[in-house]
Amino acid sequence: MAQFQYRATDFQGKIVEGSMEAGEERSVVERLREKGLIPLRIGAGSTTAPRAAKAITLPSFGRKSVKTSELLIFTRELATLLGAGMPLDRSLTTLTQLAQTPELKRVTSEVLEAVRGGTALAEALSQHPKVFPPLYVNMVKAGEIGGVLDQVLQRLVEYLASAEELRDEVVSALTYPLILAGVGGVSVAILLIFVLPKFATMFADLGQALPLSTRMMLSISDACTSPWSLIGVPLFVGALYGLYRYVSTNQRLAFDAFKLRVPLLGNLLRLTEVARFSRTLGVLLRSGVPMLQALDIVRAVAGNQVIAQALSEVQVGVREGAGMAGPLGRSGAFPQLALQMIAVGEDTGKLDEMLLTTADFFDRGVRNDVKRLTRLLEPAMILIMGLVVGFMVISMLMAVFSINDVDF
């Protein structure tokens, strides 16, 4: 028997917390339902949210956005309450009490007030576009129209959980290479700014001709320690950022097409965009959103303009009764396997299922590519940093050895 902590609610919206001994979580769920309670969270640890220290209160400038993880918890709990038969207003009241951040509590309260005033849930959510994106709002709208809001919310939970899991895996895989690059950069900066100038003073007093590699390193060190670097470096970084903003704004289509052709990273970006497109469109279609409206939503949230342009052509084809695979294939951004799976889904009348299957397949491809890329990146960065530091050390040693040639 294990000890489980639970958080539940009754049909009046009152929160109940406690612990229970049981063999598995399912037993806890059954016993809570026998008591007329709706289980919200069950786990081996404490379900009570950690309380923040109140000794110091910092001023808040502006409103903080709601994190994806918080939106995921909100959606899961709302789906649980509605699936258990609790009315929408009471469910939102309960979620207002459960909100763990002031911003989420504020948003949930405003949505509750709008629903009590007779506004549909989708319309109330649309008043907070920074928290609830168009995909979320339109799926809720389809669920309200079809009378299957709890099922649609459950699909949203699966969609958000999958996206969050993929993002966490990518971030975790890139954490070590980024730390390695930061440590290496700091080490090189210390050598250039603090160590090499001391050697430069010593060599200048000797008046001896230095090896070419040593002169190169001392010139770089002088540039880094020059007062002009305080102005030049920010100007250079600002110029690069301005160029990036200009290209990504005025030449967005060409820039996005170029990113898909970049070696190694291009294929990773392609797989990511294909997986995102397939999952988003599949979830929308399965939730009952009409095809043209679903394509419009996917086009609006597409992260790559090549994909967005292809979807514009798909919308034209759908209006004319044509399929999706042809216009997507002409874009050149979709792998043949994805096109074949989409074509099979159209032929069999199971397009939503095939899109979700395609998304799962390419999500696995993204994870595998990230793992392979990080395995290559880590030794490559170690080698590069070793060569840079080694070149600097050898350059200084060559200059020191050349001192033996000085005539005293």
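The values are calculated or read from the model by the stated rules, or taken from the named source; none is laboratory data. Owing to the predicted nature of the structure, the values given are computational and were not obtained by experimental measurement. Quick reminder, even Gly has a Cβ in these numbers, built from the backbone with ideal geometry, and neighbours come from all protein chains shown. The area values use the complete protein model at the heavy-atom level, side chains included, leaving out ligands, DNA and RNA. Shrake-Rupley method; radii C 1.70, N 1.55, O 1.52, S 1.80 Å.
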query: List pairs: first in region 220-246 and free of Cβ contacts under 8 Å to residues at least 60 places away in the same chain, second open to solvent by 80 Å² or more (accessible area, probe 1.4 Å), Cβ under 7 Å, 6+ apart or cross-chain?
result: none
message: I'd like to know if region 93-108 contains one or more residues that are modelled with pLDDT of 85 or more, acidic (Asp, Glu), open to solvent by 40 Å² or more (accessible area, probe 1.4 Å) and on the phi < 0 side of the Ramachandran plot.
response: no
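Yes or no, residue by residue, for (1) in contact (Cβ under 8 Å) with a residue 60 or more places away in the chain; (2) assigned to a loop (DSSP other than H, G, I, E, B); (3) not hydrophobic (A, V, I, L, M, F, W, C):
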| site | (1), (2), (3) |
| --- | --- |
| Thr93 | yes, no, yes |
| Ser109 | no, no, yes |
| Thr119 | no, yes, yes |
| Ala124 | no, no, no |
| Pro129 | no, yes, yes |
| Phe132 | yes, yes, no |
| Val137 | no, no, no |
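What residue, of Leu260, Leu269, is open to solvent by less than 30 Å² (accessible area, probe 1.4 Å), within 21 Å of the chain's Cα centre (by Cα) and not aromatic (Phe, Trp, Tyr)? Before the answer, list the steps.
Details: Leu269 fails: open to solvent by less than 30 Å² (accessible area, probe 1.4 Å).
It is Leu260.
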- line: Considering region 312-323, residues that are in a helix (DSSP H, G or I) and touching a residue at least 12 places away in the same chain (Cβ under 8 Å), and then whichever is surrounded by the fewest Cβ atoms within 10 Å (Cβ to Cβ), we arrive at Arg319
- request: Search region 194-208 for residues that are under 14 Å from Ser402 (Cβ atoms) and assigned to a helix (DSSP H, G or I) and pair each with any residue that is open to solvent by less than 80 Å² (accessible area, probe 1.4 Å) and at pLDDT 70 or above when their beta-carbon atoms are under 8 Å apart and the residues are at least 6 apart or on different chains.
  value: Phe199/Leu218; Phe199/Met396; Phe199/Ala399; Phe203/Leu210; Phe203/Thr214; Phe203/Leu218; Phe203/Ala399
Counted residues, region 291-315 - those being of a type in the set (A, V, I, L, M, F, W, C) and more than 19 Å from Asn138 (Cα to Cα): 4
- request: Could you tell me which residue of region 139-150 is least open to solvent (accessible area, probe 1.4 Å), considering only residues that are more than 17 Å from Leu92 (Cα to Cα) and in a helix (DSSP H, G or I)?
  value: Met139
- line: Of those in region 324-347 that are open to solvent by 30 Å² or more (accessible area, probe 1.4 Å) and outside any helix (DSSP H, G or I), the residue modelled with the highest pLDDT is Pro335
- request: From Ala308, Ala302, Ala275, grab the single residue that is out of contact with any Asp or Glu (no Cβ under 8 Å at 6 or more places or on another chain), within 25 Å of Leu156 (Cα to Cα) and among the small types (Gly, Ala, Ser).
  value: Ala308
- request: Mind listing whichever residues of region 95-107 are polar (S, T, N, Q) and part of a helix (DSSP H, G or I)?
  value: Thr96, Gln97
message: Looking only at region 28-41, filter to residues that are open to solvent by less than 40 Å² (accessible area, probe 1.4 Å) and within 11 Å of Phe4 (Cα to Cα); which one of those is modelled with the highest pLDDT?
response: Val28
query: Looking at Thr249, Thr225, Thr214, Thr201, which is the one that is of a type in the set (S, T, N, Q), surrounded by fewer than 11 Cβ atoms within 10 Å (Cβ to Cβ) and more than 35 Å from the chain's Cα centre (by Cα)?
result: Thr201
task: Kindly establish whether Glu77 is open to solvent by less than 30 Å² (accessible area, probe 1.4 Å), in a helix (DSSP H, G or I) and acidic (Asp, Glu).
output: yes
- prompt: Of all residues in region 171-190, how many are in contact with a helix residue (DSSP H, G or I) (Cβ under 8 Å, 6 or more places away or on another chain), under 22 Å from Met392 (Cβ atoms) and loosely packed, with under 14 Cβ neighbours inside 10 Å?
  reply: 1
- request: Pick out the one residue from Val237, Val157 that is open to solvent by 60 Å² or more (accessible area, probe 1.4 Å) and at pLDDT 80 or above.
  value: Val237
